[in-house]
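Taking it in order: structure first as structure tokens, then the write-up.
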Amino acid sequence: MLYPAELRAQTFKPKNVVGVEGFEPPTFCSQSRRATGLRYTPLPLRRTCRLAPMRARILLMHIATVNQDMPFFCILHLNLGRLTYRFNGKRAKIGHNILGTLSMSSLLLDGKTISRQMEVSMKQRVDALKSRTGRTPILATLLVGDDPASATYVRMKGEACRRVGMQSLPLHLPGTTRTDQLLEAIQGLNDNPDVQGILLQHPVPEAIDERLCFDAIAASKDVDGVGCLGFGRMSMGLPAYGSATPQGIMNLLKAYNIPLQGLHAVVVGRSPILGRPMAMMLLGADCTVTVCHSRTRDLPSHLRHADLIVGAVGKPQFIQADWIPDHAIVIDAGYHPGGIGDIELTPLVDRIKAYTPVPGGVGPMTIATLMEQTVKAAELAF
Ligand code: NAP
């Protein structure tokens, strides 16, 4: 009998349920199977149950419990539109509504782990480049002023460069730097054949025309994806370096095989480096996209119908848990002191489909994506 000993041993969270492929009830299968990380093992029909009708394959999936006291092994008997389950050899029928009472924990989209995996493959690519050309890719980082958070981000990017075998070229300009001086520094890096990527750390002091400076970065070296040209190309589905944070979010969703086609995505925030490119990337991935901002009326009403939510507001825990539906995939791009994001995550982690933690979700993916795009730029340049 397919009823693993380790499953019997669990009293609170039995892990397996059997369903017939292609007929999974909507809450637990297809997209959510991936989104929730429910593991399943397709099994030949004869090894499972004679009752499951006319289906060649049966899925064994991880799932939480129907009854908090009792480990649970069930077989979906879909011809009847009913659920037939076995427990210790007994058999009973229960309606699909029972599935609604099953609880499951959400899938944690672990940006830290995925970014480390990306680094392993980047290191191999950098090593290959070095042995082929004898050159080491260089990412130039421009920091203007003394904002401690920006200094920390630049330092972290330098450390990430070293981890993958690249070099960073840090340039630190005083807070009194004028736009023309910064433009001159950028032009110097554009003209420097040893530099393959340029990062201008955002935000720059208010007196500087940040947009002008972002757009002065050569498109071939704009590995942080901040220029208008890259944004336009990305929006048109043409090759471009995506803005690192939203591109990192896309990379994370891809790493977890989360299907995006047809989802209603709601992006809260429309900043040039985050909300706006995020919306275009999701549109490019065939989502139906709503972009909310500070003038949006009744934000909760938009979120209640969302399949995918990206919080990019810049206000700690601004998006409240009770605005978010159970079926949502929740991406929190925010980061604030104390390790909190833009979304009230704690009450959500046991009821939504998937979520990014703060910290350890979007942040590491941003840096890994910046690195990956620098490696790509070097591969094209060398
Ligand atoms: P931003 O430039 O300040 O933009 C904030 C956006 O939120 C704006 O579009 C604003 O709308 C919108 N907003 C403000 N109040 C709102 C409200 N009451 N309702 C709905 N929307 C509202 O911030 P950002 O640079 O995009 O950053 C957003 C968050 O992401 C921050 O927490 C930041 O720390 C974080 N971040 C993280 C990373 C990373 O690597 N993890 C990178 C960048 C940013 P308006 O356009 O109407 O003003």
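The values are calculated or read from the model by the stated rules, or taken from the named source; none is laboratory data. Remember, it's a predicted structure, so these values are computed and weren't measured experimentally. Cβ sites come from the backbone with ideal geometry, for glycine too, and all protein chains shown count toward neighbours. Heads up: the accessible areas ignore ligands, DNA and RNA and are worked out on the full protein's heavy atoms, side chains in. Shrake-Rupley method; radii C 1.70, N 1.55, O 1.52, S 1.80 Å.
Things worth noting here:
- For beta carbons closer than 8 Å, sequence separation of 6+ or different chains, a first residue in region 148-168 that is in the same structural domain as Val375 (by TED's automatic domain parsing) and a second that is in a helix (DSSP H, G or I) and open to solvent by 30 Å² or more (accessible area, probe 1.4 Å), the qualifying pairs are Arg163/Lys123; Val164/Lys123; Gly165/Lys123; Gly165/Asp127; Gly165/Lys130; Ser168/Arg162.
- Criterion violated by Ala207 - all others in (1) outside any helix (DSSP H, G or I); (2) open to solvent by less than 50 Å² (accessible area, probe 1.4 Å) satisfied: (2)
Here is a yes/no grid of residues against (1) open to solvent by 40 Å² or more (accessible area, probe 1.4 Å); (2) at pLDDT 95 or above:
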{"residue": "Ile273", "(1), (2)": "yes, yes"}
{"residue": "Met280", "(1), (2)": "yes, yes"}
{"residue": "Asp298", "(1), (2)": "yes, yes"}
{"residue": "Ile329", "(1), (2)": "no, yes"}
{"residue": "Asp350", "(1), (2)": "yes, no"}
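- In region 222-258, the residue that is surrounded by the fewest Cβ atoms within 10 Å (Cβ to Cβ) out of those that are farther than 26 Å from Thr113 by Cα and in contact with a Ser or Thr (Cβ under 9 Å, 6 or more places away or on another chain) is Met234.
- Residues in region 259-271 that are among the hydrophobic types (A, V, I, L, M, F, W, C), within 16 Å of the ligand (Cβ to nearest atom) and surrounded by fewer than 23 Cβ atoms within 10 Å (Cβ to Cβ): there are none.
- Residue match in region 218-235 (condition: farther than 20 Å from Glu379 by Cβ and in contact with a strand residue (DSSP E or B) (Cβ under 8 Å, 6 or more places away or on another chain)): yes
- Of everything listed in (1) of a type in the set (A, V, I, L, M); (2) open to solvent by 40 Å² or more (accessible area, probe 1.4 Å); (3) under 30 Å from Ala285 (Cα atoms), the single unmet condition for Leu200 is (2).
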